[in-house]
Amino acid sequence: MSRITLLLILLSSVSQAQDIDFLKSRIDSLCAPRYHGRGYVENGDVKAASFLQREITAIGLSKVQDTSTQPFELGVNTFPGKMSVSFDSQELKTGVDYIIDPRSMGLEGEYKTFKFKDKWIDDRKKLFKIRNNPKLGERAAVIDLRESSEEMKSFANRIGENPLDVPAYVILTPDKLTWSIARRTVDFALVRAQTDHLEKDPKSVTLQIDQEWISDYSAQNVIGMIPGESDSMIVFTAHYDHLGRMGKDIYIPGANDNASGSAMLLDLAKDYVGSKPKHTLVFIWFAGEEAGLVGSRYFVDNPMISLEKIKFLINLDLMGDAGKGITAVNGKIFTDHFDQLVEINTKNSLLDEVKARGVAANSDHFPFFEKGVPCFFIYTRGEYMHYHDVNDKPENLTLVKYGETFQLIKLFAESL
């Protein structure tokens, strides 16, 4: 009888140990206005880190190197104050009708617009005339991507170089608006507006954008552990940071990304604490993931645990809807571990599908993978579509098959 089969028999009558009410309350807390979207305005992520420290203390996790935090610094662009955009005196809804590009500089004023045409893209003489026309130099350039060529889309993607030398650009797009974090700035204002309800192209744009570059923002990873029978480690990770505020009135809650994974780590820790696991269990909540995996990269360069002793790392991100199953990034790399995960899922009839994916630098597992640590990044797949937008809220999160996902991850960890 295989070790996996024996484990499944022993645990077949054990009910799912997850605490859905606990999970929901922690997601609600992490998405609360007092944490400002867990970003860099009003120290939202630092306040969320303090919440996590209180949680792991209450749960009873042990400290690592006599601490539960690992501080580091990063540079980041923020929008802490005024934020409004109007087309022809009609104010748009922040985060719904438009987003400010995260690299944008601050700007205030009313600007007439001119529409940039596809045929000008490769016309160097025309571009030179635009750049040297004092009238156009004080206007906002409008780039319409609704029926534009691939060349125009490519031009819009290079807009950070300010090819027209204007104070502001307005990009009209039919695509969903998704925000992000920038660790550099441009020397102009850049607005992306959704065109579904735009009746006509704007003849003027009025901007009130308060922007602040912070060169030495202090963030921190949060860490706790449960000592095991051996010093080899199973490490669970999730990022707790998100995008923060787009002006003083709007923040991006980040319920699925990644309050869900952060709360799941708390749920797992609560379930394990008080036991004596075979391997030492380490739980890490990373800051700075949305800014480019900054916290996890800092950790692997300044490890608080021996990376060589990590038997396996499981990174959890986007855990809010497993209606269609889960995907394991690196499943095509660590094939024996993936087969193990699939076998456990099949024998327990948990999720509809467990998919394998190859290497991807898309979450906090990747810096560990680069250091040779065996790892999966697991995320759920379902009908939930809100991502990096204002509607990624706790009340919209379905948590379909959360219990089954929790059980699968726990059984997989215990089989290692």
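Bear in mind that the values in this text are calculations on the coordinates, not laboratory data. Computed from a prediction, not measured in an experiment: that's the story for all the values here. We place every Cβ from the backbone using ideal geometry, glycine too, and count neighbours over all the protein chains shown.
Neighbour counts of other C-beta atoms within 10 Å: give me V142, V359, V170 arranged from fewest to most. All intermediate terms of the calculation are to be shown ahead of the outcome.
Values: V142 21, V359 12, V170 25.
Ordered from fewest to most neighbouring Cβ atoms within 10 Å, V142, V359, V170 come out as V359, V142, V170.
Would you work out if segment 181-270 is rounded, prolate or oblate? Take a ≥ b ≥ c from the square roots of the eigenvalues of the alpha-carbon gyration tensor; rounded if a/c is under 1.5, else prolate when a/b is larger than b/c, oblate otherwise.
Details: a/c = 3.96, a/b = 2.35, b/c = 1.68.
Taking the square roots of the gyration eigenvalues as a ≥ b ≥ c, segment 181-270 is prolate.
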Between the DSSP loop rule and a limit of at most 11 other Cβ atoms within 10 Å, which GluC sites (Glu not before Pro) in segment 142-209 are left? E147, E199
For segment 83-209, shape from the Cα gyration tensor axes a ≥ b ≥ c, cut at a/c of 1.5 then a/b versus b/c, turns out rounded
What list of ³J(HN,Hα) values in whole Hz, one per residue of segment 184-189 in order, does the Karplus curve 6.51 cos²θ - 1.76 cosθ + 1.60 (θ = phi - 60°) give from phi, with Gly and Pro shown as x? 8, 10, 10, 9, 7, 8
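Sorted from fewest to most neighbouring beta carbons within 10 Å, what does the list T195, T346 look like? Intermediate results must be reported in sequence, preceding the final value.
Numbers: T195 16, T346 11.
By the 10 Å Cβ count, ascending: T346, T195.
Taking 0.36 nm per intervening residue step and subtracting the Cα-Cα distance, what contour gain separates E150 from S204 on full extension? Write down the numbers at each step before the final one.
Values: separation 54, 0.36 × 54 = 19.44 nm, distance 2.62 nm.
Going from the current span to full extension adds 16.8 nm.
Based on DSSP, what percent of beta bridges with both residues in the chain are antiparallel, to the nearest 5? Can you show the working numbers first?
Details: 39 of 77 bridges.
If we restrict to bridges inside the chain, about 50 percent are antiparallel.
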Ordering 327-334, 118-125, 251-258 by per-residue average of other C-beta atoms within 10 angstrom, highest first, gives 251-258, 327-334, 118-125
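Is the shape of segment 280-416 rounded, prolate or oblate, going by the alpha carbon gyration tensor and its root eigenvalues a ≥ b ≥ c, with a/c under 1.5 for rounded and a/b larger than b/c for prolate?
Working: a/c = 1.88, a/b = 1.15, b/c = 1.63.
Verdict is oblate for segment 280-416.
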From the residues A156, L136, G109, which one has its Cα farthest along the dipole of segment 67-203 in the positive direction, the dipole being from +1 and -1 charges on Cβ of Lys/Arg and Asp/Glu about the Cα centre? L136
Starting from the amide H of K278, placed 1.01 Å from N in the peptide plane, find each other amide H under 5 Å away whose residue is 5 or more places distant or on another chain. E229
So if each residue of separation counts as 0.36 nm, and I subtract the Cα-Cα distance between N362 and N157, what length gain in nm does that give? 71.8 nm
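Contour minus end-to-end for D196 and K119, with contour as 0.36 nm per residue of separation and end-to-end as the Cα-Cα distance?
Numbers: separation 77, 0.36 × 77 = 27.72 nm, distance 2.48 nm.
Going from the current span to full extension adds 25.2 nm.
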Gap in Å between the Cα centre of segment 212-249 and the Cα centre of segment 282-334? 11 Å
Those residues of segment 100-135 whose amide nitrogen sits under 16 Å from the label point placed on K82, 7 Å along Cα→Cβ: 105-111
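About the Cα centre, and with charges only on the beta carbon of Lys, Arg (+1) and Asp, Glu (-1), how big is the dipole of the chain? Nearest 20 debye, please.
540 debye
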To make sure I understand, if each residue's beta carbon is the centre and we count other beta carbons within 10 Å, what order do W179, W213, W285 fall in, fewest to most? W213, W179, W285
